[in-house]
């Protein structure tokens, strides 16, 4: 994502040359810029596919958490403390992984949204430049990415702080956390 952002910054800056007073416009072939924009749009499509993959991983982790939770309850009802302890441990590991994937997804959505906004700005500059050269305005259907990325509206946090820093980076679960969970389960199941 960082490489895309660097490339986009160069494209936007080159597109803005001549827009500021005192700067001479740099001539670029419109086909080159259009190819670069198309490449960036393809990169956005790949980023949206990665978002879908992360969302699927989170859903799979949710299913694992549910399964481990049910297994822990069943083991306690059978009186098998070792199996219950193992199930709770696995459930807590899956919860940690889900938290990390969720933070990754939030950050990814923020960066993808920013990239989409920048590419749209660059496309507007290219269209404006083309309009200035010819009297015909470009038209047609919006690119597939614009249609697909509309789902990002309202889903992207205003500021995606690296939430991973707040989450534990250690995949281990403390024995005390497992025992605390087992105690709560025993109390709940004894009612």
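The values are calculated or read from the model by the stated rules, or taken from the named source; none is laboratory data. Values in this document were obtained by computation on a predicted structure and should not be read as measured data. As a convention, Cβ positions derive from the backbone with ideal geometry for all residues, glycine included, and neighbour counts pool all protein chains shown.
Below are the figures for this structure:
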read-out	value
Condition met for residue 133 (surrounded by fewer than 13 Cβ atoms within 10 Å (Cβ to Cβ) and at pLDDT 70 or above)	yes
Qualifying positions in the range 70-94 - part of a helix (DSSP H, G or I) and surrounded by fewer than 17 Cβ atoms within 10 Å (Cβ to Cβ)	70, 73, 74, 77, 78, 81, 82, 83, 86
Residue under evaluation residue 67, criteria (1) modelled with pLDDT of 55 or more; (2) within 21 Å of residue 114 (Cβ to Cβ), criterion not met	(2)
